[in-house]
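What follows is one structure encoded as structure tokens, with my remarks underneath.
The values are calculated or read from the model by the stated rules, or taken from the named source; none is laboratory data. Keep in mind that this is a model prediction, so the values were computed, not measured. Here the Cβ positions follow ideal geometry from the backbone for every residue, glycine too, while neighbour counts run over all protein chains shown. These area figures cover heavy atoms from the full protein model, side chains too; ligands, DNA and RNA do not enter into them. Shrake-Rupley method; radii C 1.70, N 1.55, O 1.52, S 1.80 Å.
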Amino acid sequence: ASTLGAQAAQSGRYFGTAAAAGKLGDGTYTGILDREFNAVTPENEMKWDATERSRGSFSFGPADQIVNRAQAHGQRMRGHTLVWHSQLPGWVGGIGDAATLRSVMNNHITTLMSRYRGRIYAWDVVNEAFADGGSGQHRSSVFQNALGNGFIEEAFRTARSADPSAKLCYNDYSIENWSDAKTQGVYRMVRDFKARGVPIDCVGFQAHFGAGGPPSSFQTTLSNFAALGVDVQITELDIAQASPSAYASSVRACMNVARCTGITVWGIRDSDSWRVGQNPLLFDNNGGKKAAYQSVLSALGGT
Ligand code: G3I
């Protein structure tokens, strides 16, 4: 096939991108979005600060725009993200009382998932809950500090009841290298969830890589997680300077793992990227295909 999405589909996978509602009026942008990608993740529009700016008052305009558009174009949706310590409105950070925070968190999850019930392929239920560095433990956050370690499990249980048709993912960065303490911490959590029947279906590896690309153990990490009985996905791929070989090894790591169900890049053109000045994506500022595009297409099995 001659596009990323169509080629990924030949092995039953998707190839997606982050998309921003504010760019849907840009014809170059939407031209590439619709031609190349068969999955979409809202870059910011489903985050807490975009959807529940004050308690119990929800707004869905930009998120709806992305979901409706993706559905009209037959693209799968990844929901991003329900429980995250960042892009959290101040009023949530200020809740000290556990019972209040628990009810606020569960209400947020239930309201978003119910609105899009049946239309989301996978939800990032909890994002970036593990600490950087060597501890292998959860990071400090309002959720962790008020509710303790059990907040992640609680979020997943609430999510399962809110939309039983969505795959429920844990999503994080810097968990691609198998020997890292952070990777091991997430692995132990998933193993524990599977052992105790806590509902979890997938793990998202953000894959924000430096110029060297993925660590050599990346495929091992994906297959070790998959062996726990979850799907794995590359959810936010971008690589400083977009070396074709670094992109190709990232894609091959997924292609070589049966339960790696799809890959999402974190934006379309370099000018759309959050990594300003690093040119980390597959299309240049004019929407032209970069060398990395061709290497990704071949790594997916295309020509
Ligand atoms: O919407 C406001 C706008 O009203 C305001 O005028 C402008 C001025 O700064 O800010 C706009 O908000 C920005 C938002 O992107 C939308 O453009 C925020 O400041 C900015 O912080 C935010 O950055 C996003 C970042 O998450 C926030 O943490 C990036 O676009 C987004 O790519 C990035 O994505 C994250 C994933 O969700 C999780 N994993 C890491 C990844 C990269 O940081």
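Quick note on the chain: its Rg to Rh ratio, both from C-alpha atoms and Rh being the Kirkwood radius, is 0.95.
What are the ³J(HN,Hα) values, in whole Hz, obtained from phi via the Karplus relation 6.51 cos²θ - 1.76 cosθ + 1.60 with θ = phi - 60°, for each residue of the stretch 23-39 in sequence order, with x given for Gly and Pro? Calculated HN-Hα couplings, in order: 9, 6, x, 8, x, 5, 4, 5, x, 5, 3, 7, 6, 9, 10, 10, 8 Hz. For the stretch 76-144, the Kirkwood hydrodynamic radius comes to 13.3 Å, computed from all pairs of different C-alpha atoms.
With contacts taken as Cα pairs under 8 Å and at least 6 residues apart, the chain reaches a relative contact order of 18 percent. Using a probe of 1.4 Å on the protein chains alone, the accessible area found for K290 is around 40 Å².
A cut-off of 5 Å between modelled amide H atoms, ignoring neighbours fewer than 5 places along the same chain, links L237 with T264, V265, W266.
When the chain is treated as a Gaussian network with alpha carbon springs shorter than 10 Å, the biggest mean-square fluctuation among A63, A195, A159 belongs to A195. Per-residue ellipticity at 222 nm from helix content only, as computed over the chain with -39500 (n - 2.57) for each DSSP H run of at least four residues, stands at -11500 deg cm²/dmol. Note on the chain: lysine pairs with Cα distance below 29 Å, sequence gap of 8 or more or different chains, count 10. How many angstrom separate the Cα center of the stretch 110-176 from the Cα center of the stretch 212-257? The stretch 110-176 and the stretch 212-257 have Cα centres separated by 21 Å.
I need the trypsin sites (Lys or Arg not before Pro) found in the stretch 178-215, filtered to DSSP loop residues with at most 12 other beta carbons within 10 Å of theirs. Sparse-neighbourhood loop trypsin sites (Lys or Arg not before Pro): none present. With coordinates expressed along the principal axes, the C-alpha atoms belonging to the stretch 134-182 extend over 34, 26, 12 Å, beginning with the largest. Under a 5 Å amide H cut-off, with hydrogens placed 1.01 Å from N, V232 pairs with V203, C260, T261 among residues at least 5 apart or on other chains.
When the Gaussian network model of the chain links Cα atoms closer than 10 Å, the mean-square fluctuations of D34, D231, D192 top out at D192.
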